[in-house]
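**Student:** One structure is given below, represented as structure tokens, and several questions about it will come after.
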There are 2 protein chains.
Amino acid sequence: MGAPACYESLLEATREAHLIGATSAVLSWDQETMMPPGGVELRSRQLAQLARLQHELSTAERVGELLSQCEADANLAADPASPTTAALRELRRDYSRATKLPASLVEELAKVTSIAQHEWAEARKASDFSRFEPHLKRIVELNRQTAACFGWPKSGEVWDALAEGYEPGCTAAQVEAVFTPLRAQLQAILDRILGATQRPSNRFNELPLNTDTQQRFVRMVAERIGFDFNRGRLDTSTHPFCGGSHCRDVRLTTRFSPNCLLDGLGSTMHEAGHGMYEQGLPFDQCGTPLGEAVSLGIHESQSRLWENQVGRSRAFWKWGTPQLAQFFGAAVAGFPAEEIYGAANIVEPGYIRVDADEATYNMHIMVRFQLERRLISGDLDPADLPEAWNELYRVYLHLEVPDDRRGCLQDVHWSMGAFGYFPTYTLGTLTAAQMYEAACRDIPGLEAGFGEGQFAPLREWLNARVHSLGRQLRPDALCRSVTGASLSAEPFLRHLRSKLFPLYGLS
Amino acid sequence: MGAPACYESLLEATREAHLIGATSAVLSWDQETMMPPGGVELRSRQLAQLARLQHELSTAERVGELLSQCEADANLAADPASPTTAALRELRRDYSRATKLPASLVEELAKVTSIAQHEWAEARKASDFSRFEPHLKRIVELNRQTAACFGWPKSGEVWDALAEGYEPGCTAAQVEAVFTPLRAQLQAILDRILGATQRPSNRFNELPLNTDTQQRFVRMVAERIGFDFNRGRLDTSTHPFCGGSHCRDVRLTTRFSPNCLLDGLGSTMHEAGHGMYEQGLPFDQCGTPLGEAVSLGIHESQSRLWENQVGRSRAFWKWGTPQLAQFFGAAVAGFPAEEIYGAANIVEPGYIRVDADEATYNMHIMVRFQLERRLISGDLDPADLPEAWNELYRVYLHLEVPDDRRGCLQDVHWSMGAFGYFPTYTLGTLTAAQMYEAACRDIPGLEAGFGEGQFAPLREWLNARVHSLGRQLRPDALCRSVTGASLSAEPFLRHLRSKLFPLYGLS
């Protein structure tokens, strides 16, 4: 028995709107990787037009009618555990959110952020916040308008309305409840590590290596861990990201440091983790909720897991060290696996989030969460951002930020209009550790396999439990389904302690 | 005094439709240069959707109403020589053509050709016409339907309806009237050259040169002749083309032969000629007829002129030879300018159009014109194309085509759905020679300047007379305005004889 006609029509309409989004995604990727500088003005108009068209298609009255018909159909809504019921739940959620926004606001936001991203990049190059400030001001205004359209429960706050778009169910109060104790425990770990007398050698992170060879090496690793280049690409951009338009066209970017292979490798494994999630979504569900990722937090769990639990593990470097020798020859002679493993796990508070180690990374996120919460509530004037940023870096990381390039201009997110996004990095980090503990329980000899270059068991395990499901489960339900428990910071803290303390001679 | 409100609204609607076309252009470029193989299926849906949306916007009733209002406005239509009057004339033409096509046909053609291009590329690789045949059959059918929608005058034929889309006013009868005598005169020139006892040395065309350095060299040349990389790119693709979405984002592709620098250089200068036309269109008119190229024939005149009149000239190589030495060092020592100039002008009948010399090139076009005319009229079954192709190569070029890869599968055009396109290559070739004679009359010391690497005078002359005008003049009027005469084959034949005969020791 096939699905009722109203359901088929609903999916068709959804796919049609999604197709416009897929086109926007290609244009956005192109803007970051390929577009000549002169293209920026018309590109912002293209993206604004597509945002408006997608919004029109997503919010068409007919979609609402079809949704109601489907919801009234006993065959479709009968089994709460069926994928179809889940798809209808998610379609209703998306429709309800989209119809709250006027098309003019959607278009304006797309236009403003396309230009702001370009201005942000220029401002960052020049370390000139004043160039970015008016754009940030406008983006904050538009985001506050957006939040007002969505609304939020009385018990919540304006930031929640935006966060919901990235992480269903996420609120500032919840995030704070996770972050406050996590910060204390991280600080305790950091205090011990920074006070240790033993530390891993940094030599490997100061080794100049040809960037063309680095490029070939990280591509080999991405392919080996399971990223499919028949359905994807890897390019270079200022800010690494995973883009592309659907599971058969996934586009990673990375960047290289001439003196630090691990920078480019870490970015690549991180983005490949995102990419394997995208590639693992079912193509026959493309353009429907069953062909989409659950949330940014879950997405980030996949990237973190490959970057940190795999890429910074002893087992990975048992396999990786002889591979390095094949690519770089004499240049890497004299670096045993154990030394590279140590170099990959040095803890050092720094200004730059994307360069941060696993122990300090979440401190950067906490700073951003505080600031964006205040920007969006109206407590913090965008003009005062640099000062507020620098003050929080003193408090959280005991650092004096030298300039805005290494301060509040370092991240692209706000210029893209993304507020409520940052905490998903930490949620993803915690989820990664918790899923990885479950994978170690489920898969005998998992880490021994890494040592032999065998990564397929982990990828397949994740594919079956996460990737292939699309949005069937919400983040909390998925976490319980995969790991048997709700999200907790304990697995992540265990991961840090058990890896870092021995490297720093601590017990 | 500003333009009337109806005119402003009309332009706004036109720009909106054009913007979708600009997005399609980025996606098409991406498909040929960047997209992973897995992307093809969804890409065809994206392009079909955009084609439908663009068609909807272009043919909206409101556009027709605004057009009629503008045409009735004495201030707008008063002066037949004003740009505004010309813009209205072209807008009416476009609207009238677009409204003749049903949206379903536009969408179907976009979808079929996006897949067909991929299948053609695979068929060509395997030299397997049977793989491409069903797609060609379907494309011919859809093109015949398209032609039937447009219609054609009683005195004309079905092919004319399609050619009008590429070259306003072009008919098969006119093309034949140019091609028949041209073929006879070309044959006479070829007979003399192929019978000559002296010929230039081919040594330079057999010289292996590093392709990375070739890439840097051709990029330098493109920039030197005037292609602006702030508003454009140069990449590599199987089939060189000039794409991109507007005058500030123009994207050239080229390809390289390890043993023949002149292949990659010729393609690059050719595409840069197209690119400089696009970059020379006025950005403030982007999306209106005054910001668009006149026709494919005029476009081709710009590419041919830079490729042949400039790039294969003695003066160019006076400048180019020492440049070569700077890039390739000892590898090019022992090649005087005169020898490279000779090598750039060797006449040799071959199978491949894009590799053809100036004397045989148009024979390839004549073959394609005959075949597409018959395919579209229904006289030639697509299944019989390889046989018919090979027969015409015997007649026109006295060659036995060895396989379909080097035969009827060599060109992308028909897989893109482009019928009526090929003759514009020859019209462009003739126009290039005629414009170049006019430039030599107008600009004192033009060729001496090439010898010093000065190309700006020619580019500026073309910009003022051709590029900056958009579609103000139709092809024939433009030719008269630039050269003082209607299009004739004589300048091209003079160009061939005066260059080639001395190189072959003929008088």
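The values are calculated or read from the model by the stated rules, or taken from the named source; none is laboratory data. Remember, predicted model here, so these are calculated numbers, not experimental data. All Cβ positions, glycine included, derive from the backbone under ideal geometry; neighbour counts span all protein chains shown. Only protein heavy atoms, including side chains, enter the accessible area calculation; ligands, DNA and RNA are left aside. Shrake-Rupley method; radii C 1.70, N 1.55, O 1.52, S 1.80 Å.
**Student:** Any residue at all in segment A:337-348 that is modelled with pLDDT of 95 or more and within 22 Å of A:Asn230 (Cβ to Cβ)?
**Tutor:** Checked segment A:337-348: no residue is modelled with pLDDT of 95 or more and within 22 Å of A:Asn230 (Cβ to Cβ).
**Student:** Only residues in segment B:231-249 that are within 8 Å of chain A (Cβ to nearest Cβ) count as the first member; pair them with residues that are assigned to a loop (DSSP other than H, G, I, E, B) and open to solvent by 20 Å² or more (accessible area, probe 1.4 Å), Cβ under 6 angstrom, at least 6 apart or cross-chain, and list the lot.
**Tutor:** Close Cβ pairs (under 6 Å, with a partner that is assigned to a loop (DSSP other than H, G, I, E, B) and open to solvent by 20 Å² or more (accessible area, probe 1.4 Å)) amount to B:Arg231/B:Arg248.
**Student:** Separate question: Could you check B:Glu41 against (1) within 9 Å of chain A (Cβ to nearest Cβ); (2) part of a helix (DSSP H, G or I); (3) buried (at least 22 other Cβ atoms within 10 Å of the Cβ) and say which number it fails?
**Tutor:** Unmet for B:Glu41, out of (1) within 9 Å of chain A (Cβ to nearest Cβ); (2) part of a helix (DSSP H, G or I); (3) buried (at least 22 other Cβ atoms within 10 Å of the Cβ): (3).
**Student:** Further question on the same structure: Report yes if B:Cys440 is in contact with a Leu (Cβ under 7 Å, 6 or more places away or on another chain) and under 30 Å from B:Leu324 (Cβ atoms), otherwise no.
**Tutor:** yes
**Student:** Given B:Thr23, B:Thr14, which one is of a type in the set (S, T, N, Q), open to solvent by less than 60 Å² (accessible area, probe 1.4 Å), within 30 Å of A:Thr253 (Cα to Cα) and in a helix (DSSP H, G or I)?
**Tutor:** B:Thr23
**Student:** When the residues of segment A:347-388 are filtered to those that are β-branched (Val, Ile, Thr) and surrounded by fewer than 19 Cβ atoms within 10 Å (Cβ to Cβ), which remaining residue is nearest to the chain's Cα centre (by Cα)?
**Tutor:** In this case the residue turns out to be A:Val354.
**Student:** From B:Asp284, B:Asp263, grab the single residue that is among the acidic types (Asp, Glu), out of contact with any Ser or Thr (no Cβ under 8 Å at 6 or more places or on another chain) and open to solvent by 10 Å² or more (accessible area, probe 1.4 Å).
**Tutor:** None of the other options fit; the residue is B:Asp284.
**Student:** For the condition assigned by TED's automatic domain parsing to the domain that holds A:Leu324, open to solvent by 50 Å² or more (accessible area, probe 1.4 Å) and out of contact with any strand residue (DSSP E or B) (no Cβ under 6 Å at 6 or more places or on another chain), what is the one hit in A:Leu409, A:Leu487, A:Leu399, A:Leu493?
**Tutor:** After ruling out the rest, the residue left standing is A:Leu487.
**Student:** Six or more apart or on different chains, Cβ atoms under 6 Å: show the pairs whose first residue is in segment B:369-398 and at negative phi and outside any helix (DSSP H, G or I) and whose second is surrounded by 13 or more Cβ atoms within 10 Å (Cβ to Cβ) and aliphatic (A, V, I, L, M).
**Tutor:** B:Leu380/B:Ala388
**Student:** Give the residue, chosen from B:Ala17, B:Ala48, that is of a type outside the set (Phe, Trp, Tyr), within 14 Å of another protein chain (Cβ to nearest Cβ) and in contact with an Asp or Glu (Cβ under 7 Å, 6 or more places away or on another chain).
**Tutor:** B:Ala48
**Student:** Also, I was wondering about something else. Under 6 Å by Cβ, and 6 or more places apart or on different chains, what pairs join a residue from segment A:101-123 that is of a type in the set (Phe, Trp, Tyr) with one that is open to solvent by less than 10 Å² (accessible area, probe 1.4 Å)?
**Tutor:** A:Trp120/A:Phe132; A:Trp120/A:Ser415
**Student:** Okay, moving on. Is it true that some residue in segment B:2-11 is surrounded by fewer than 22 Cβ atoms within 10 Å (Cβ to Cβ), of a type in the set (S, T, N, Q) and out of contact with any Ser or Thr (no Cβ under 6 Å at 6 or more places or on another chain)?
**Tutor:** Within segment B:2-11, one or more residues are surrounded by fewer than 22 Cβ atoms within 10 Å (Cβ to Cβ), of a type in the set (S, T, N, Q) and out of contact with any Ser or Thr (no Cβ under 6 Å at 6 or more places or on another chain).
**Student:** Determine which member of the set B:Phe204, B:Phe217, B:Phe229, B:Phe179 is under 30 Å from B:Gln326 (Cβ atoms), out of contact with any Leu (no Cβ under 8 Å at 6 or more places or on another chain) and either modelled with pLDDT of 95 or more or open to solvent by 80 Å² or more (accessible area, probe 1.4 Å) (or both).
**Tutor:** None of the other options fit; the residue is B:Phe229.
**Student:** Between B:Cys286, B:Cys247, B:Cys242, which is modelled with pLDDT of 95 or more and closer than 24 Å to B:Cys170 by Cα?
**Tutor:** Just a single option satisfies the conditions, and that option is B:Cys242.
**Student:** Within segment B:416-438, is even one residue closer than 29 Å to B:Gln285 by Cα, open to solvent by less than 60 Å² (accessible area, probe 1.4 Å) and without any contact (Cβ under 8 Å) to a residue 40 or more places away in the chain?
**Tutor:** no
**Student:** How many residues are touching a residue at least 12 places away in the same chain (Cβ under 8 Å), among the basic types (Lys, Arg) and surrounded by fewer than 22 Cβ atoms within 10 Å (Cβ to Cβ) if we restrict to segment A:458-483?
**Tutor:** Residues that pass the stated criteria total 3.
**Student:** Answer with yes or no whether A:Phe455 is out of contact with any strand residue (DSSP E or B) (no Cβ under 7 Å at 6 or more places or on another chain), closer than 25 Å to A:Asp263 by Cα, buried (at least 23 other Cβ atoms within 10 Å of the Cβ) and of a type in the set (A, V, I, L, M, F, W, C).
**Tutor:** No: the conditions fail for A:Phe455.
**Student:** For segment B:202-274, give me every one of the strands (runs of 3 or more DSSP E) that falls completely inside it and has 1 or more residues that are among the basic types (Lys, Arg).
**Tutor:** In segment B:202-274, the matching strands (runs of 3 or more DSSP E) lie at B:232-236, B:249-254.
**Student:** OK, next. How about segment A:132-156: which of its residues are surrounded by fewer than 17 Cβ atoms within 10 Å (Cβ to Cβ) and free of Cβ contacts under 8 Å to residues at least 24 places away in the same chain?
**Tutor:** Matches in segment A:132-156: A:Pro134, A:Glu141, A:Ala148, A:Pro153, A:Lys154, A:Ser155, A:Gly156.
**Student:** Scan segment B:304-311 and give yes if some residue there is within 14 Å of another protein chain (Cβ to nearest Cβ) and among the basic types (Lys, Arg), otherwise no.
**Tutor:** no
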